[in-house]
Amino acid sequence: MDYFTAILGPLLNGTAVTLQVFLITLALAVPLGLGLALVRVSRFRTASGIVSGYIWLMRGTPLMLQMLFIYFALPFVPVIGVRLPDFPAAIAAFTLNYAAYFAEIFRAGIQSVGRGQHEAAQVLGLSYGQTMRRIVLPQMVKRILPPMSNETITLVKDTSLIYVLAMNDLLRAARGIVQRDFTTMPFVVAAAFYLFMTLVLTWGFMRLEKKYAVYDD
Amino acid sequence: MISAQGIHKRFGSTEVLRGVSLHIDKGDVVAVIGPSGSGKSTFLRCLNRLETIDRGRIDIEGETLVDTDAGGVCRYAADADARRICRKMGMVFQQFNLFPHFTVLQNIIEAPVTVKGLTREAAIPPAEELLRKVGLLHKRDAYPSHLSGGQKQRVAIARALAMEPDIMLFDEPTSALDPELTGEVLRTIRQLAEEHMTMIVVTHEMAFARDVSTRVIFMDGGEIVEERPAAEMFASPAHPRTRAFLNHLA
Ligand SMILES: Nc1ncnc2c1ncn2[C@@H]1O[C@H](COP(=O)(O)OP(=O)(O)OP(=O)(O)O)[C@@H](O)[C@H]1O
Ligand SMILES: [Mg+2]
């Protein structure tokens, strides 16, 4: 029991890092993804094409590679090259990557709202922006909840990739203790922590789905 | 009120409207009939810019929505103007197209609040009055998915009326309904006709067209074949195609 309390401190610190990466990424990637999706479905062909290319790039290469690139290679790129400390580099990589996945989820959700809704809004005099804001996006939210739930749970676990930047997240903290003390107990505790975080998320999304169940499409 | 001249519209290589012209005066109730695929819906949708035309001219209450110059180039009014012009027309769809995430009341006040800039408080009393008129005040807080088809369509009519249009366009408002539910919707439209609302109604309900409309238009193959006062059209259709169509229905 004493041993358990002893390792709890470092593991909780690791959890704090994991949660920070998770929450900041979510807070940045959701709006960015929404912006990308809106450009993607807009009638601006060139901009839409550029976004498609961006999504292809971000989904087509490993997240770890993107993170390594931003941390190690970006400083040497001419003009845009900046040297980011490890935490901002990790956030940048996660945000850019997850925004691409979110954008695809949002795009599918936006496009699943039928033409009749657009037409009804148009004949009532709503502009394109008003139609999006009042009619399409609110209906999109209900439809994207299941894939968003999936994706955010994946994000919780993906945060463990930041070990490549030598940051002390939950998994790295656990591994450090395992290697020091020759016991697998920290892994079990870490697993329980991850499970708890995904449980909270699952529950949160269930609440949301219930809230949106007041109407049917 | 509405003047459409020489409207041409094609989808790809098929010409769906081949020079349709129509004048609507205040208080007219025009029924548009004709076989499936004759271009009735497309014509109605061209009037309020749900479809853009390829050639011709449309004026709504003296304002030009679209015109075609001598070189054959079709020009629409600027987007904000076109939206303002089209707002004079309300439209009711075959598939209702209510907003499923809004309650009945929210459906009705959405455009007055968002488009006209009314406060919710100011928008609610007239919305409730409209609901009373279509007999659905008791459903004001229900979501559309909890309504029958006939109730949905009456809400859709109230929603269109909330923008105080001068003209109402109906595209087969009862075709998606079970037969026993068409009556309540037709009664509502009939009531509007009695209040001298200007209307264009695409319909397959011949009895309704005969009883309610002031004029009937028969369309076939993307053209207006015949246009007559309702009583005459059904008693003695002049054109063989009209006769064939009406006989086929009878
Ligand atoms: N968006 C579209 N793209 C391609 N073709 C279309 C489109 N909309 C309509 N059409 C075609 O245009 C023709 C006229 O269609 P429209 O819907 O105007 O006919 P309608 O007279 O309303 O028929 P119905 O009584 O079946 O509603 C049809 O041949 C139809 O297939
Ligand atoms: Mg039709």
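The values are calculated or read from the model by the stated rules, or taken from the named source; none is laboratory data. Source: prediction; values computed, not measured. Please note: Cβ atoms are built from the backbone with ideal geometry, for glycine as well, and neighbour counts cover all protein chains shown. The accessibility values were calculated without ligands, DNA or RNA, using every heavy atom of the protein model including side chains. Shrake-Rupley method; radii C 1.70, N 1.55, O 1.52, S 1.80 Å.
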Determine the residues within the stretch B:42-59 where the difference in accessible area between the chain on its own and the full set of protein chains amounts to at least 30 Å²; count protein heavy atoms only and use a 1.4 Å probe. B:ARG45, B:LEU50
Buried accessible area, chains A and B (both chains, 1.4 Å probe, Å² to nearest 100): 2100 Å²
Once the principal axes of the Cα atoms of the stretch B:1-146 are found, what is the range along each, listed largest first in whole angstroms? 53, 34, 30
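Near A:TYR194, within a Cβ-to-Cβ distance under 15 Å, what is the net charge of the other residues, with Lys and Arg +1 and Asp and Glu -1? If you can, show how the numbers build up before the last one.
Working: positive: A:LYS157, A:ARG172, A:ARG175; negative: A:ASP158, A:ASP169.
Summing Lys/Arg as +1 and Asp/Glu as -1 gives +1.
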How about the stretch B:133-172: which of its residues lose at least 30 Å² of accessible area in the presence of all protein chains relative to their chain isolated, using a 1.4 Å probe? B:TYR143, B:SER145
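Please give the per residue accessible area of chain A, computed with a probe of 1.4 Å over protein heavy atoms only, in Å².
On the way: 11300 Å² over 217 residues.
Accessible area per residue: 52 Å².
Please compute the per residue accessible area over chain B with all protein chains in place, 1.4 Å probe, rounded to a whole number of Å².
Details: 10420 Å² over 250 residues.
Each residue of chain B exposes 42 Å² on average to a 1.4 Å probe.
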Ignoring the sites themselves, what is the longest stretch of chain A with no trypsin sites (Lys or Arg not before Pro) in a DSSP loop and at most 16 other beta-carbon atoms within 10 Å? A:84-217
How crowded by other chains is B:109-115, given as the mean number of beta carbons from other chains within 10 Å of each beta carbon? 5
Roughly how big is the protein assembly as shown's charge dipole about its Cα centre, with Cβ charges of +1 (Lys, Arg) and -1 (Asp, Glu), in debye to the nearest 20? 860 debye
Additional length obtainable on full extension of the chain from B:HIS204 to B:ASP25, 0.36 nm per residue less Cα span: 62.2 nm
Could you tell me what a quarter of the Cα convex hull surface of the stretch A:2-212 works out to, in nm² with one decimal place? 14.3 nm²
Which Cα, out of A:ALA29, A:THR154, A:ILE105, lies furthest along the positive dipole direction of the stretch A:2-212 (beta carbon charges, K/R +1, D/E -1)? A:ILE105
Counting DSSP beta bridges with both ends in the protein assembly as shown, the antiparallel % (nearest 5): 60 percent
Cα centroids of the stretch B:173-250 and the stretch A:1-78: how far apart, whole angstrom? 60 Å
Here the relative contact order (percent) of the stretch B:133-250, from C-alpha pairs under 8 Å and at least 6 apart, is 18 percent
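What Kirkwood hydrodynamic radius, in Å, does chain B give when the mean of 1/r is taken over all pairs of distinct Cα atoms and then inverted?
Values: mean 1/r = 0.0531 Å⁻¹.
Result for chain B stands at 18.8 Å.
Dipole of chain B, Cα-centred, from +1 at each Lys and Arg C-beta and -1 at each Asp and Glu C-beta, to the nearest 20 debye? List each step's numbers first, then the result.
Working: 30 positive and 33 negative charges, 57 e Å.
Using only the charged Cβ atoms, the result is roughly 280 debye.
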Which value, in debye to the nearest 20, gives the size of the charge dipole of the stretch A:2-212 about its Cα centre, when Lys and Arg are +1 and Asp and Glu are -1 at the Cβ? 800 debye
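Counting only complete DSSP H runs, which helices of chain A cover 24 Å or more along their long axis at the Cα atoms and score a mean Kyte-Doolittle of -1.0 or above? Before the final figure, lay out each step's value.
Values: long enough: A:2-41 (57 Å, 1.56); A:86-111 (37 Å, 0.73); A:137-158 (29 Å, -0.03); A:185-212 (41 Å, 0.98).
Result, helices passing both filters: A:2-41, A:86-111, A:137-158, A:185-212.
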Output for the stretch B:166-219: GluC sites (Glu not before Pro) sitting in coil per DSSP, at most 15 other Cβ within 10 Å, listed by number, reads B:GLU195
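Taking all protein chains in place and a 1.4 Å probe, what share, in percent, of the accessible surface of the protein assembly as shown do carbon and sulfur account for?
Working: 12740 of 21720 Å².
Roughly 59 percent, rounded to a whole number.
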Degrees, to the nearest 10: B:120-133 long Cα axis against longest axis of chain B: 70 degrees
